[in-house]
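Q: This is the structure, below, for whatever I ask next.
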Amino acid sequence: MREVKLFLILLFWGPLSFATVRVPKLTPYQVSLQSCLGSAIDLQKTDNHRKLYSAIESAYSLVSSELLYREVVYKQRSDLKKLKYENGSINVYEVDEEDDSLKLISTEKVGEDDKTNELRHKPLSAEARIRQLLIRADIRSDFTRVRERRSGGLILNISWSDQQIRSLKIDFSESKKSLNCTQKESADICTCTG
């Protein structure tokens, strides 16, 4: 009887005592992130640039953001146009659909103080002015480069193309490390240096 009880105990409790806790294995992408980020973000849920950026948004608050470059091809009414923002200037071109040649139709400096209109309105930021120019536009392609400063001494340089992150560079001022992420043939790749 005693042997039967011992057998039953081993039968029910034995497998539990030998069970091992399975630690999920990190992908090469996550290993690169871990060498730069450490345990600052949950790596198990971070397997692409978009999720990495979302995790950084949650963990590090935004201090400032600066639009560096933007190029948008769009159709407004029946005209195909290209908007290009660079060095504080917005240029709008008319695109000839037959040979893709460009004809400059307007140029404006953004954020300049106009003393004559000082009491009426403040100058628009580059982002606000571009949004204004693209009202009711059918966007064909959109490429943007932005620099963000975040808490913890992080500086992010991000290149977006049609709502996808094409490249992401994160400089960590405290640890002197740098995380360089790019997209190659729809695969997200990161390397940590420093």
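Q: At a 1.4 Å probe, what is the % contribution of carbon and sulfur to the accessible area of the stretch 122-194?
A: About 48 percent, which is the carbon plus sulfur part of the accessible surface.
Q: Work out, step by step, the length gained on full extension between Ile135 and Asn91: first 0.36 nm times the residue separation, then minus their alpha carbon distance; give nm to one decimal.
A: Extra length from Ile135 to Asn91 when fully extended: 14.2 nm.
Q: Take Thr27 and Ser125, extend 7 Å from each Cα along the Cα→Cβ direction, and tell me the distance between the two endpoints in nm.
A: 3.3 nm
Q: Based on the Kirkwood radius over alpha-carbon pairs, what is the Stokes-Einstein translational diffusion coefficient of the stretch 120-194 at 20 °C with 1.002 mPa s viscosity, in µm²/s?
A: Taking Rh from Cα pairs, D becomes 146 µm²/s.
Q: Suppose each label sits 7 Å from its Cα in the direction of the beta carbon; what would the Asn157-Ser39 distance come out to in nanometres?
A: Going from the Asn157 label point to the Ser39 one covers 3.2 nm.
Q: Which residues in the stretch 69-109 place their backbone N less than 18 Å from a point set 7 Å from the Cα of Val146 along the Cα-to-Cβ direction?
A: Counting only backbone N, you get 69-73, 84-88.
The values are calculated or read from the model by the stated rules, or taken from the named source; none is laboratory data. What you see is a predicted model; the values in this text were computed from it and never measured. Counting neighbours? That spans all protein chains shown, and the Cβs are built from the backbone with ideal geometry, glycine included. For accessibility, only protein heavy atoms count, side chains too; no ligands or nucleic acids. Shrake-Rupley method; radii C 1.70, N 1.55, O 1.52, S 1.80 Å.
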